[in-house]
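Notes follow the structure.
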Amino acid sequence: MADSFAAAREFLLRNRENYDTAFRDFRWPRFERFNWALDWFDVFARSTNRVALRVVDDGGNEQSATFAELSQRSNRVANFLRQNGVRRGDRILVMAGNIVPLWEITLAAMKLGAVISPATAMLTTDDLQDRIDRGEMRHVIAEGAFAGKFSDVTGKYTRIAIGGAQNWIDYAGANSASADFRPDGDTKASDPLILYFTSGTTAKPKMVLHTNVSYPVGHLTTMYWVGLREGDVHWNISSPGWAKHAWSSVFAPWNAGATIFVFNYARFDSKRVLGALQKYGVTTLCAPPTVWRMLILEDLKQYRTSLRELVSAGEPLNPEVIERVNDAWNITVRDGYGQTETTAQFGNSPGQKVKNGSMGRPLPGYRVALLDPDGRPGNDGEIVLELDPPPLGLMQAYLDGPMPVATSTEGKRYYRTSDVASRDADGYYWYIGRADDVFKSSDYRISPFEVESALIEHECVAEAAVVPSPDQLRLAVPKAFVVLKPGFLPNAETARSLFLFVRERLAPYKRVRRIEFTELPKTISGKIRRVQLRAGELQPGRKKSATEFWEEDVLATSAASGPQKSTAD
């Protein structure tokens with residue numbers, strides 16, 4: 001079992017900068033039975049004394065554990081959970097921050113054959129009740145500080161508190177449990193392992209079920225995309241509770257044999273993050289676009305780091321950000337693409353030419369196509385994944401609905417991602433947007449991401465989201481909701497500067513016609529809810545806000561003075 005996994009891993013590590021060979025010759029390992037924690041992690045732990053996990057908090061306090069220590073510690077936790085009623089197939093809702101017990105519990109649950117359902121601490125009572133009910137949770141493990149969130153959450157579920165909480169079982173009991181763990185049977189490769197609830201950018205969160213191979217083994221592609229090596233110190237800036245945390249804070253680095261590094265800050269501060277990169281010898285960094293946009297506000301050249309690989313995921317990264325980082329560190333931030341429902345599907349892999357703004361090429365193990373609305377494959381359309389056979393990194397199922405499947409005009413079956421992209425002559429893919437986000441203006445199709453990328457190149461823009469705004473002549477026109485960088489004023493002069501700026505960079509039909517300076521609605525995972533912005537534009541009788549400006553009005557009345565800053569600056 002472990003041999004075929006190890007062989008696939010070694011192949012990708014050996015060809016980490018040889019994309020053509022890796023994509024052509026990689027084959028997913030196939031198993032009938034596999035338990036990643038027992039068959040890979042514990043086996044690897046016996047061969048090394050390397051640190052597996054290093055957690056640093058705001059006060060500079062550090063906790064670390066070697067692979068061997070985590071192997072033994074997770075045995076104790078597994079025995080403790082078994083003593084408290086956790087059985088194979090039981091679903092466990094886990095709410096914990098980036099603390100060492102989170103990784104212990106993840107490994108322990110795998111060893112037991114239980115199903116983990118990660119949950120962010122930002123969830124409300126209604127959110128938690130929904131997860132307990134729809135997810136049929138049998139157990140909850142949470143930090144004691146979060147226990148109060150469950151006070152009004154009904155249901156029959158075991159309650160275990162890390163750090164203790166009144167009327168909860170104390171997680172500290174794991175300290176006295178045996179370090180000798182024996183599984184109660186084999187784990188089938190198809191057995192469920194992780195139950196995720198999506199972030200719900202357009203609708204109620206979906207329940208995504210992954211197996212004991214789809215994420216642990218499937219994230220070999222993520223390991224390959226990031227460019228991880230054995231002995232790396234990898235930092236993934238991500239909050240627990242979301243799929244990206246499992247991607248790059250569990251499976252990808254430990255598949256490679258790298259050290260996972262975490263800096264637990266109470267509040268994000270670019271200078272402190274950059275200082276931590278420098279102090280703790282981080283070699284590979286993964287961060288979402290929001291973090292990269294904040295980091296480039298600092299003088300990156302002042303920070304001498306050990307960084308070798310930089311990647312971004314979650315939403316497309318704007319070319320302007322990539323260029324700024326490369327100018328400072330001579331390292332290209334490599335974008336990638338995947339979903340909660342999959343592992344990394346596309347990426348700009350190490351050693352390959354990077355086209356700024358492209359999501360890269362399909363990663364080893366993924367066979368993809370672009371389908372138009374009529375099911376015809378081409379160079380433009382919805383991203384779909386071949387299902388005969390399916391990629392190992394694809395989810396097992398949605399628990400609350402059918403898997404979206406399309407059949408092409410050629411008779412092939414595909415999993416539908418609901419994301420739209422285009423492909424250039426070199427085989428690089430370019431993200432256009434969610435199928436729901438792309439819109440037409442005067443019969444031209446417009447990609448919000450392309451317009452947003454132009455806007456964010458302006459000196460005053462921190463973030464932007466583009467949606468259609470109703471227009472009598474064109475049916476709809478692009479409207480930009482803009483978050484300004486500190487010090488810039490949300491007035492007509494700033495709007496005028498932006499209108500003129502995008503005029504020089506975009507075709508006339510793509511130009512922003514309306515701008516509103518405001519905060520952006522986001523999911524609790526930090527993704528922009530364009531669906532909410534679109535709905536607001538369609539409200540009957542909607543009136544312009546005090547910080548909303550239309551191109552025809554502003555360009556007719558404003559003088560050319562550029563974006564305005566507050567006098568405090």
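The values are calculated or read from the model by the stated rules, or taken from the named source; none is laboratory data. Being a predicted model, the structure only gives us computed values, none of them experimental. Neighbour counts are summed over all protein chains in view; Cβ atoms, including those assigned to glycine, are modelled from backbone coordinates with ideal geometry. For the accessible areas, the whole protein counts, side chains as well, though only heavy atoms, and no ligand, DNA or RNA atoms are used. Shrake-Rupley method; radii C 1.70, N 1.55, O 1.52, S 1.80 Å.
Any residue at all in region 414-434 that's modelled with pLDDT under 90, part of a helix (DSSP H, G or I) and aliphatic (A, V, I, L, M)? No, region 414-434 contains no residue that is modelled with pLDDT under 90, part of a helix (DSSP H, G or I) and aliphatic (A, V, I, L, M).
Within region 393-438, if we keep just the residues that are over 26 Å from LEU220 (Cα atoms) and polar (S, T, N, Q), the residue that is least open to solvent (accessible area, probe 1.4 Å) turns out to be SER408.
Of all residues in region 439-453, those being touching a residue at least 60 places away in the same chain (Cβ under 8 Å), assigned to a strand (DSSP E or B) and surrounded by fewer than 22 Cβ atoms within 10 Å (Cβ to Cβ) number 2.
May I ask you to verify whether GLY231 is open to solvent by 10 Å² or more (accessible area, probe 1.4 Å), small (Gly, Ala, Ser) and either farther than 30 Å from ASP437 by Cβ or in contact (Cβ under 8 Å) with a residue 60 or more places away in the chain (or both)? Full working, then the answer.
Numbers: open to solvent by 10 Å² or more (accessible area, probe 1.4 Å): yes; small (Gly, Ala, Ser): yes; either farther than 30 Å from ASP437 by Cβ or in contact (Cβ under 8 Å) with a residue 60 or more places away in the chain (or both): yes.
The answer is yes for GLY231.
Residues in region 76-93 that are open to solvent by less than 40 Å² (accessible area, probe 1.4 Å) and closer than 11 Å to TYR171 by Cβ: VAL77, PHE80, LEU81.
The condition (being crowded, with 22+ Cβ neighbours inside 10 Å and modelled with pLDDT under 95) is satisfied by just one residue among TRP225, TRP247, TRP242: TRP242.
Listed by first and then second residue, the pairs with beta-carbon distance under 8 Å, at least 6 apart or on different chains, first residue in region 162-185 and among the hydroxyl-bearing types (Ser, Thr, Tyr), second exposed (fewer than 15 other Cβ atoms within 10 Å of the Cβ), are TYR171/GLY164. One residue alone among MET110, MET122 is open to solvent by less than 30 Å² (accessible area, probe 1.4 Å) and touching a residue at least 24 places away in the same chain (Cβ under 8 Å), and that residue is MET110. Looking across region 13-27, the residues that are under 24 Å from the mean Cα position of the chain (by Cα) and open to solvent by 30 Å² or more (accessible area, probe 1.4 Å) come down to LEU13, GLU17, PHE23. Within region 498-512, does at least one residue satisfy the condition of being touching a Cys at 6+ places or on another chain (Cβ under 9 Å) and either buried (at least 17 other Cβ atoms within 10 Å of the Cβ) or closer than 25 Å to THR290 by Cβ (or both)? Checked region 498-512: at least one residue is touching a Cys at 6+ places or on another chain (Cβ under 9 Å) and either buried (at least 17 other Cβ atoms within 10 Å of the Cβ) or closer than 25 Å to THR290 by Cβ (or both).
Looking across region 489-510, the residues that are touching a helix residue (DSSP H, G or I) at 6+ places or on another chain (Cβ under 6 Å) and under 13 Å from HIS458 (Cα atoms) come down to ALA495, ARG496, PHE499, VAL502, ARG505. Summed over region 303-332, residues that are crowded, with 20+ Cβ neighbours inside 10 Å and within 23 Å of ILE383 (Cα to Cα) total 7.
Listed conditions (1) within 22 Å of GLY164 (Cβ to Cβ); (2) under 21 Å from the mean Cα position of the chain (by Cα) are all met by VAL115, apart from (1). One residue alone among SER178, SER190 is among the polar types (S, T, N, Q), closer than 30 Å to ASP25 by Cα and surrounded by fewer than 19 Cβ atoms within 10 Å (Cβ to Cβ), and that residue is SER190.
Please verify whether LYS204 is of a type in the set (Lys, Arg), part of a helix (DSSP H, G or I) and open to solvent by 10 Å² or more (accessible area, probe 1.4 Å), treating the condition exactly as stated. So LYS204 does not fit the description; no.
Filtering region 151-164 to residues that are open to solvent by less than 30 Å² (accessible area, probe 1.4 Å), of a type outside the set (Phe, Trp, Tyr) and modelled with pLDDT of 95 or more leaves VAL153, ILE160, ALA161, ILE162.
Within region 470-569, considering only strands (runs of 3 or more DSSP E) that don't extend past its boundaries, which have at least 1 residues that are of a type in the set (Gly, Ala, Ser) and either at pLDDT below 85 or over 30 Å from the mean Cα position of the chain (by Cα) (or both)? Before the answer, list the steps.
Working: elements: 475-484, 514-517, 548-550.
Of the strands (runs of 3 or more DSSP E) lying wholly inside region 470-569, those with at least 1 residues that are of a type in the set (Gly, Ala, Ser) and either at pLDDT below 85 or over 30 Å from the mean Cα position of the chain (by Cα) (or both) span 475-484.
Quick test for you: out of PRO470, PRO390, PRO490, pick the one residue that is without any contact (Cβ under 8 Å) to a residue 40 or more places away in the chain and open to solvent by 20 Å² or more (accessible area, probe 1.4 Å).
So the residue among PRO470, PRO390, PRO490 that is without any contact (Cβ under 8 Å) to a residue 40 or more places away in the chain and open to solvent by 20 Å² or more (accessible area, probe 1.4 Å) is PRO390.
If you go through region 231-246 and pick out every residue that is in contact with a strand residue (DSSP E or B) (Cβ under 9 Å, 6 or more places away or on another chain) and within 15 Å of GLY526 (Cβ to Cβ), you end up with 9. Tallying residues that are under 24 Å from PHE11 (Cβ atoms) and either modelled with pLDDT under 95 or in contact with a helix residue (DSSP H, G or I) (Cβ under 6 Å, 6 or more places away or on another chain) (or both) within region 251-263 yields 4. Scanning region 339-367 for residues that are part of a strand (DSSP E or B) and open to solvent by less than 30 Å² (accessible area, probe 1.4 Å) returns ALA344, GLN345, PHE346, GLY347, GLY360, PRO362.
The residue of region 513-529 that is least open to solvent (accessible area, probe 1.4 Å), among those that are in contact with a strand residue (DSSP E or B) (Cβ under 9 Å, 6 or more places away or on another chain) and among the basic types (Lys, Arg), is ARG514. The set of residues in region 452-469 that are of a type outside the set (Ser, Thr, Tyr) and under 22 Å from the mean Cα position of the chain (by Cα) comprises GLU452, ILE456, ALA462, GLU463, ALA464, ALA465, VAL466. Could you tell me whether ASP42 is open to solvent by 10 Å² or more (accessible area, probe 1.4 Å), farther than 19 Å from GLY163 by Cβ and acidic (Asp, Glu)? Here the answer is yes, as ASP42 does meet what is asked.
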